[in-house]
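Here's the structure we're looking at; comments come further down.
Every read-out reported here was derived from the displayed coordinates using simple, explicitly stated rules and does not represent laboratory data. Being a predicted model, the structure only gives us computed values, none of them experimental. Here Cβ is always computed from backbone atoms with ideal geometry, including for glycine, and neighbour counts include all displayed protein chains.
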Amino acid sequence: MDLLGKRPGFLIRQDRPFNGGPLLADLGRSFVTPNDLFFVRNHGDVPVVDPETFRLEVKGEVDCPLSLSLDDFTRFPRRELVATIQCAGNRRSELVDLKPIPNELPWGSEAVSNARWGGVALADVLAAARPGPGALHASFCGLDDVERHGKRFHFGGSVPIAKAMSPELLLATEMNGEPLPPLHGFPVRVVVPGWIGARSVKWLHKVKLQAEPSDNYFQAVAYRLFPAAVSAENVVWEEGMRLGEQAVNVVVTTPLEGQVVSFGEVRFAGVAFAGGGRRVERVELSQNDGTSWVQASFLPGDANWAWRRWQAELNLETGAREVAVRAWDSAAQTMPPAVDQVWNFKGYMNNAWFRLRLDVR
Ligand code: MTE
């Protein structure tokens, strides 16, 4: 199978379109995820883009529409930022274990990664285009073709203008010091730190300022959150909550679910991340379903929009044990105890306690 530049061992969830992520054991090894390990979420095939003829169009409710070549990007100050991207479908497989979720990728916990992005601030580019009073949302359109319900169209989405003008939004042309790899949006993607990954549109070729949110399928229909009672049969799409900021979440990368471990001190490690501009402040572990908790410590590496890596030691006695892990963010928000409290028929935003069954011998 063609790994499209990913390293051997990369877990391919789907061949076409290409979707996959690192093995959990590799996920938090370093603060920044190497490009050949960074998870991939594609809804269509990777488009081939000629950098010579490429133009990024900035249009809509602006006084001064722009058509920028890659050379034109050098007119704007270069920015760098470390940011985590997580797919809204991360940890879906735990929801699937409760009740089937047809037609969606059964992601484990690997649909999250952290990179150092380089490029220009979207705010600087928008300022040059001079937004008008009707510019309430920035919509993004990619060059990839996606097919849904017999129609072919480009992937897209939008963010409100306040987020679009925030300094952390990048038009990224580099990922970890290299040109953006084709799988991750070459030559330009938008990076929307703190928001669901779907808004970080890859192969970006159009930014349009407009009065309404994007009417693209991936904003108007998909990536909405519904109550547990709603199903594909009775859904009214407009009634779903449009997903935006991430919720606080945690992933355990070691040990692994079902692993046999020796009794005594067992080392746990993983990553935790928070949405919006919030920071992960605490990660804690329980081996008695939340009656008492042990606090983890953080490993080096800290940036405003990035995950935090953590580790902890738990003293485990022999037998079948379940360990639960939860994180807290700087708004004192934490995670719900069980997946039945977050189950939804599209399988988004699972941030229930991360539970791990271990065989301690
Ligand atoms: N942009 C385009 N053009 N096409 C896509 O399919 N997938 C989105 C987003 N941007 C997507 C896209 C989703 S759902 C996620 S989670 C992130 O890209 C994943 O980014 P990555 O593949 O670089 O990890």
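Let me make sure I get this right: for the stretch 179-258, a, b and c are the square roots of the gyration tensor eigenvalues over alpha carbons, sorted descending. Under 1.5 in a/c it's rounded, otherwise prolate if a/b > b/c, else oblate. Which is it?
Oblate is the answer for the stretch 179-258, as a/c is 1.5 or above yet b/c matches or exceeds a/b.
Two decimals is fine: what's Rg over Rh for the chain, C-alpha atoms, Kirkwood radius as Rh? Write down the numbers at each step before the final one.
On the way: Rg = 20.6 Å, Rh = 21.1 Å.
Ratio of gyration radius to Kirkwood radius for the chain: 0.98.
I'd like the distance separating the alpha-carbon centroids of the stretch 145-203 and the stretch 289-361, in whole Å.
Measuring centre to centre over Cα atoms gives 29 Å.
Under the rule of at least 5 residues apart or a separate chain, name every residue whose amide H is placed under 5 Å from the amide H of Arg282.
Trp328
Lys and Arg at +1, Asp and Glu at -1: add these up for the other residues within a Cβ distance under 10 Å of Glu281 and post the number.
Residues near Glu281 contribute +3 overall.
Using a basic spin-label model with each label point 7 Å from the Cα along Cα→Cβ, how many nm lie between Glu52 and Val235?
4.4
So what are the ³J(HN,Hα) numbers for the stretch 294-301, from phi and the Karplus equation (6.51, -1.76, 1.60; θ = phi - 60°), rounded to whole Hz, Gly and Pro as x?
Per-residue couplings from phi come out as 10, 8, 7, 10, 9, 8, x, x Hz.
If amide hydrogens are placed 1.01 Å from N in the peptide plane, which non-local residues have theirs closer than 5 Å to the one on Thr33?
Asn114, Ala115
What percent do you get for the relative contact order of the chain when only Cα pairs under 8 Å and 6+ apart count?
This gives 17 percent for the chain.
Among Tyr348, Tyr223, Tyr217, which comes first, then next, by fewest other beta-carbon atoms within 10 Å?
Working: Tyr348 27, Tyr223 24, Tyr217 20.
The most exposed by this proxy come first: Tyr217, Tyr223, Tyr348.
On a full-extension model of 0.36 nm per residue, what is the gain between Ser166 and Ser292, subtracting their alpha-carbon distance, rounded to one decimal in nm?
Contour length minus the Cα-Cα distance gives 41.4 nm.
Rounded, prolate or oblate: which fits the stretch 139-227 when a ≥ b ≥ c are the square roots of the eigenvalues of the alpha-carbon gyration tensor, with rounded for a/c under 1.5 and prolate only if a/b beats b/c?
oblate
Computed on alpha carbon atoms, what radius of gyration and Dmax characterise the stretch 80-180, expressed in Å?
17.1, 50
For the stretch 137-147, take each phi angle, set θ = phi - 60°, evaluate the Karplus expression 6.51 cos²θ - 1.76 cosθ + 1.60, and give the result in whole Hz per residue in order, putting x for glycine and proline.
Each residue of the stretch 137-147 in turn: 9, 10, 9, 10, 10, x, 9, 7, 8, 10, 10 Hz.
For Gly89, what charge total do you get from the other residues with a beta carbon under 15 Å from its beta carbon, if Lys and Arg give +1 and Asp and Glu give -1?
Local net charge: +3.
Could you list which residues have their amide H under 5 Å from that of Val192, counting only those 5 or more apart in sequence or on another chain, with H placed in the peptide plane?
Ser200
Rank Ala222, Ala162, Ala247 by mean-square fluctuation in a GNM of the chain with C-alpha springs under 10 angstrom and give only the top-ranked residue.
Between Ala222, Ala162, Ala247, it is Ala162 that shows the largest mean-square fluctuation.
Can you bin the stretch 303-361 into rounded, prolate or oblate? Criterion: square roots of the alpha carbon gyration tensor eigenvalues sorted a ≥ b ≥ c, rounded for a/c under 1.5, prolate for a/b above b/c, oblate for the rest. Could the numbers behind the result be given before it?
Details: a/c = 2.56, a/b = 1.31, b/c = 1.94.
Oblate shape, in that a/c is at least 1.5 and b/c is the bigger or equal ratio.
In square nanometres, what is the average projected area of the Cα convex hull of the stretch 1-93? Provide the component values of the computation, followed by the final result.
On the way: hull surface 36.1 nm².
Spelled out: convex hull of the Cα atoms, projected over all directions, averaged, 9.0 nm².
How many angstrom separate the Cα center of the stretch 45-92 from the Cα center of the stretch 217-279?
When both Cα centres are located, 27 Å separates them.
Quick one: compute a quarter of the convex hull surface over the Cα atoms of the stretch 23-70 and quote it in nm². Mind dumping the intermediate values first?
Values: hull surface 25.3 nm².
The orientation-averaged projected area of the Cα hull of the stretch 23-70 comes to 6.3 nm².
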